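Reviewing the structure listed below.
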Amino acid sequence: MTVTARREDVPLHEDVRWLAGALGRVIQRLEGKEAFEIVERLRSGSRARRHGERGAPSLDDLLREVDALSVAHCGVVARAFTLFFLLINTAEQTHRVRRRNAYLGKGVTDAQPASARWTMRELRTLGATPDAIEQAMLTLDIRPVLTAHPTESTRSPASPPQRTPGG
C-alpha cells in the first residue's frame, strides 16, 4: 500500500522525513550503529504494519523483538521513540500554523475548510438540524488521551497568553 500525501501536506512530510533522518544520525553517533538499527527496524516494521504492507511484521513479532532487547537497548529505544513522536508533533504544530497562515494570507473571510465553523456551516447547508447534530454528538465516544506532561500546552496563534494575577 502506497501512501500519497495531499499536495498541501507535502511540506509536513518533508519536515518529518528530515527530522527523522536527523534523529537517526544522532542516535547512530551517540548510541552506535546497533542501537540505530534496532530503532529503525522497529520503526519501519511498525510503519509497514500500520500501512498494511505485505510481509509486514505482526504485532506479536514486534513485541517479541522488544521483549528480546537488553535493558540498555530498551532505554535507548524508549528515548528514541519519545523524541521521534515529540519531533513529529512539533512538525504537525508548525504545519498547522503554516496552513493557517497560508489560508489567512489569501484574504478570504470564509471559515477555513475542515474547521469547526466550516463544519457547522456545511451541516446547516446539508439540512442538518441542531437537534440532529446534538443527537449525533451525544453518540460520540470521546476519551481523553494523556500523552504529554500536564504542564505542556499548545496555544493557538490567535490566542494570546493569559496573564495570571500578579504575573
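The GNM of the chain, with springs linking C-alpha atoms under 10 angstrom apart, assigns the highest mean-square fluctuation among E37, E122, E134 to E134.
Computed over the chain, the per-residue total of -39500 (n - 2.57) for DSSP H runs of n ≥ 4 gives a 222 nm mean residue ellipticity of -20500 deg cm²/dmol, rounded to 500.
Surface exposure of the chain, expressed per residue as accessible area with a 1.4 Å probe, stands at 80 Å². Considering only protein heavy atoms and a probe of 1.4 Å, how much of the accessible area of segment 7-159 is carbon and sulfur, as a whole percent? Result for segment 7-159: 57 percent of the exposed heavy-atom area is carbon or sulfur. Among A48, A80, A20, the residue with the largest mean-square fluctuation in a Gaussian network model of the chain, with springs joining Cα atoms closer than 10 Å, is A48.
Using Cβ point charges alone (K and R +1, D and E -1), the dipole size of segment 1-143 about the Cα centre works out to roughly 520 debye. Taking Cα atoms only, the orientation of helix 116-125 departs from the longest principal axis of the chain by about 50 degrees. Note on the chain: the C-alpha convex hull projects to 16.0 nm² when averaged across all orientations. Against the chain, whose longest principal axis is taken from its Cα atoms, helix 71-105 shows a tilt of about 30°. Quick one: check the C-alpha center-to-center distance for segment 1-77 versus segment 97-137, whole angstrom. Measuring centre to centre over Cα atoms gives 35 Å.
Which of the three applies to segment 1-60, rounded, prolate or oblate, going by the alpha-carbon gyration tensor with a ≥ b ≥ c and a/c under 1.5 meaning rounded?
Values: a/c = 3.95, a/b = 1.15, b/c = 3.43.
Verdict is oblate for segment 1-60.
Taking Cα atoms only, the orientation of helix 33-50 departs from the longest principal axis of the chain by about 40 degrees.
The values are calculated or read from the model by the stated rules, or taken from the named source; none is laboratory data. Being a predicted model, the structure only gives us computed values, none of them experimental. Here the Cβ is made from the backbone with ideal geometry for all residues, glycine too, and neighbour counts use every protein chain on show. Only protein heavy atoms, including side chains, enter the accessible area calculation; ligands, DNA and RNA are left aside. Shrake-Rupley method; radii C 1.70, N 1.55, O 1.52, S 1.80 Å.
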